[in-house]
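The values are calculated or read from the model by the stated rules, or taken from the named source; none is laboratory data. These numbers come from a predicted model, not from an experiment. FYI the Cβ positions are ideal-geometry reconstructions off the backbone, even for glycines, and counts take in every protein chain you see. The accessibility values were calculated without ligands, DNA or RNA, using every heavy atom of the protein model including side chains. Shrake-Rupley method; radii C 1.70, N 1.55, O 1.52, S 1.80 Å.
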Amino acid sequence: LFTTVLRCLGIPARLITNYSSAHDNNANLQLDFFLDDEGKVDTKITKDSVWNYHCWNEAWMTRPDLPVGFGGWQVVDGTPQETSDGMYRCGPASVQAIKHGHVCFQFDAPFVYAEVNSDIVYSRRDKNGTQVIENIDTTHVGQLIVTKEVGGDGMMEITEEYKFQEGSEEERLALETAVMYGVKKQTTQDTMYQPQTDVDMDFQVQKAVLGSDFKVSITFRNKSRNSYTVTTYLSGNIVFYTGVTKNELRHCKPSCLKEDEFCLASTFDVVIKSSEYLGDLLDQASFHFFVTARINETGKILATQKATVLEIPALRIKTQGETVAGKEMSVTVEFTNPLKQTLENVTLRLEGPGVLRTMKKEFRNSTLIWEIKCIPKRPGLRKLIASLNCDALRHVYGELNVQIQKP
């Protein structure tokens, strides 16, 4: 809506989507995740969060209030997450300033910078009261930044417009510059941090279709000549796209891992059954997993997190006959139920401006085939859109571009 308003005013504008978008609550340009004595995330005192994605707008304008070079695309968020000077607003913030860490320039640049390029800092309170940093994840936030491609429905990646390549000297320099200009509270330099280098931990979530079981695989690699045992904790949650938990899906303490050989890699799997999540699943089928591990011999803690979304089945749309204005054509919508249960209260909706009037129909079968006869009125490129809703499934869509010829 805001993009449309800006364009109506003659201001070039576009929509931006940032995946793994940070929400920095305390304006220190980092996400603070606090661990308890067992190495699990303490949700009571952890206020920062990572959204699966967040969308904002960009407007193209000059910035005579800023130094030369900071005009062009500006972040202007139509759905701001935090207040700015007491009001819910965000921007305009220069994208060029964000990329180079110049968050001293108005408006709301520190918050936008944190959304795309902040580090996740995992820390815990030692017995003597000292805050000890256990792990710093420098690559999780802002994994992909995209906008709609010009002249098509696909996406165009613009990550490099917001930040330098992850891990490069330029990207780290931009972060140091941003911290120098914009941090209001203590930084990681004020606490103890001794990176753990002996053992690496990674985990992968299997790609899966809604309604099927899937597994989470946790892998450890021992890079030292020492023998270690590692105690791991896996926490899985059904979440809103903002990262807010609706329901804890799984909390388990898998078997201890023991490394007996130098440079061994060990992997174990945790299976998530469809029966565990189907009753509580939200519209976007989103999950969030935390994995923390304590190396028992050294007391060091490894921590990482990952969001995943189950693949939602799509509706298939196809046409038959001539696609000519004023002549009858046929449109068919097909759908196969991926769930083991029978779908109930199924409503199928089809619309296509200039091709057919909006129609809807109710079904009771698991496999749906709906054929409609229509006469398109106007030539040109048209879009057919179908959607399905029922008690067990949401956000099931299908679309098809159709070129209607002149008679």
Worksheet item: What is the residue count in segment 270-288 for residues that are surrounded by 15 or more Cβ atoms within 10 Å (Cβ to Cβ) and assigned to a strand (DSSP E or B)?
Response: 5
Item to complete: Would you mind finding the one in E259, E171 that is modelled with pLDDT of 85 or more, open to solvent by less than 40 Å² (accessible area, probe 1.4 Å) and not polar (S, T, N, Q)?
Response: E171
Practice prompt. Return a yes/no flag: does segment 141-154 have any residue that is buried (at least 19 other Cβ atoms within 10 Å of the Cβ), modelled with pLDDT of 85 or more, not in a strand (DSSP E or B) and not polar (S, T, N, Q).
Written response: yes
Fill in: 3 or more residues assigned by the TED database to the domain that holds L249 and open to solvent by less than 20 Å² (accessible area, probe 1.4 Å): qualifying strands (runs of 3 or more DSSP E) within segment 289-344
301-309
Practice prompt. Search segment 215-248 for residues being among the hydrophobic types (A, V, I, L, M, F, W, C) and crowded, with 18+ Cβ neighbours inside 10 Å, and hand back the single one that is nearest to the chain's Cα centre (by Cα).
Written response: V239
Worksheet item: Just to be sure, is D48 buried (at least 19 other Cβ atoms within 10 Å of the Cβ) and at pLDDT below 95?
Response: yes
Item to complete: Kindly indicate whether L384 is surrounded by 19 or more Cβ atoms within 10 Å (Cβ to Cβ), more than 30 Å from V41 (Cα to Cα) and modelled with pLDDT under 85.
Response: no
Worksheet, complete the sentence: S118 meets each of (1) of a type outside the set (A, V, I, L, M, F, W, C); (2) within 23 Å of the chain's Cα centre (by Cα); (3) over 21 Å from Y241 (Cβ atoms); (4) surrounded by 19 or more Cβ atoms within 10 Å (Cβ to Cβ) with one exception, condition (3)
Fill in: Some residue of segment 88-99 being touching a residue at least 40 places away in the same chain (Cβ under 8 Å), under 20 Å from F164 (Cβ atoms) and open to solvent by less than 20 Å² (accessible area, probe 1.4 Å)
yes
Practice prompt. Check segment 115-135 and report whether any residue there is farther than 27 Å from I301 by Cα and in contact (Cβ under 8 Å) with a residue 60 or more places away in the chain.
Written response: no
Practice prompt. Kindly indicate the residue of segment 11-44 that is more than 28 Å from T177 (Cα to Cα) and open to solvent by 60 Å² or more (accessible area, probe 1.4 Å) and also modelled with the lowest pLDDT among those meeting that condition.
Written response: E38
Fill in: Unmet requirement for T177, which otherwise passes all of (1) assigned by the TED database to the domain that holds H288; (2) at pLDDT 85 or above; (3) polar (S, T, N, Q)
(1)
Worksheet item: Residues of segment 146-179 being out of contact with any strand residue (DSSP E or B) (no Cβ under 9 Å at 6 or more places or on another chain) and of a type in the set (S, T, Y), which ones?
Response: S168, T177
Item to complete: Return the only residue of R394, R364 being closer than 30 Å to L281 by Cα, in the same structural domain as Q341 (by the TED database), of a type in the set (D, E, K, R) and touching a residue at least 40 places away in the same chain (Cβ under 8 Å).
Response: R394
